[in-house]
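The values are calculated or read from the model by the stated rules, or taken from the named source; none is laboratory data. Just so you know, these numbers come straight off a predicted model, no measurement behind them. Positions of Cβ are generated from backbone atoms using ideal geometry, with glycine treated the same way; all protein chains shown enter the neighbour counts.
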Amino acid sequence: MNVFQNISSTDIRDYAKSQGWLQVAEALDDGLFVLNHPHHPRRQLVFPIDSAQPDYSDAVNIVIHKLAEIQQRTINNIVAAIEEIKDDTLRFRIVDTRNEETFIPLSYAVSALNGAKELFLSAACTVLKPQIHHPRLSRSEALELIDKSKFRHTETGSFVIKVSAPVRAMELQGRLFEDDFPFIRQTTLVINNGLNKLVSAIQADTLDALVETIKSEPNPQISSNLCKAVTNFKEEHEDFDLYVNFTWAGSVRLPANFTVHNQIKIQKDYFSRIDDVRRELKRSEEQKLEDVFMATVEHLSGDMGSDNKRSGEVILNLYKDSEVIRARIILDAEQYQKADISHMTADSYLRIKGKLHPGNQPRIFSEISSFELILPY
């Protein structure tokens, strides 16, 4: 397979422009992309716009070799960069500080891949609904982002897990940032900002202050889930450092008032501290007071009392922010009667205010302060 023939001419142009090359508009009339660079006045990139031209592959070959020479990078590296020009790409470089072994444990590789997945899921959930702990990472939009993401070829240089996401692959627009950035760009910005804040606070010994700030923010960008995703990269003997490198899609600008970091190093001794943040954020969320849920009845299993009225356990489906959560609740006779009516009436709901406890489903729902039956008529 001729790799150069399959590279899009517009992707080459966009990559070159992201590196400071300037397009010569007049060449378009001749069916050519021509680009000059202010720092390389004697060099020029010239290649056909139409990939069906007979000399297209040869022209692209010359251009890529020229870029590799100028940038002092390998041919494969330039080709990969061009192929990812529309993607935000994260590289998780795992460095074993003990020795120069040519392997990592398979169990660790599985954990690291899961960490990369959870990092994207937690950040996507934060863009959709900022909070310090996400009870579930199964929002449909977050799962769609995972489906759109690509596990790229691993690279040389210790062990590199490379994941990219086409920045315009989803129509959804995030609302976490003031600028109207695509959902995937906002997700990668959350990862970048969250990791940098954690590392900076550890180095400055201000981790406690950071945690208090996160808990008080109306739209926190760091969640316990993001911290847990990072700790998945922790090796059993704490001998691996982690470098996270970011490459940003050239087709979408970066925010002007937002500092991004193209490489973030998480030293092996940072993982335990990040795990402390995870525990505190999760604990704080679990201590939150009651919330309001819409619910439908899945199963009634109460007992008849001496007053000939039923009360006891009911299994509900709770609906909150596009999530469906199965929960177990203990109801008194009056509440149980409402639940029974709802169970027997199509299109009816219960509106319940109480405390939903963490754990496996069905989760415990207790401390009920309001219990209302909503009928369809």
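Miscellaneous remarks
- Leading residue by the ranking (surrounded by the fewest Cβ atoms within 10 Å (Cβ to Cβ)) among those in region 60-77 that are among the charged types (D, E, K, R) and closer than 12 Å to ARG43 by Cβ: GLU69
- Of the strands (runs of 3 or more DSSP E) contained entirely in region 282-365, those carrying at least 1 residues that are over 30 Å from PRO220 (Cα atoms), polar (S, T, N, Q) and not assigned by TED's automatic domain parsing to the domain that holds PRO220 fall at 291-300, 310-320.
- One residue from HIS299, HIS357 being under 27 Å from the mean Cα position of the chain (by Cα) and loosely packed, with under 15 Cβ neighbours inside 10 Å: HIS357
- Among the candidates ASN232, ASN196, the residue that is buried (at least 18 other Cβ atoms within 10 Å of the Cβ) and over 12 Å from the mean Cα position of the chain (by Cα) is uniquely ASN232.
- Set THR102, THR154: member being assigned by TED's automatic domain parsing to the domain that holds GLU235, of a type in the set (S, T, N, Q), at pLDDT below 85 and farther than 23 Å from GLN263 by Cα: THR102
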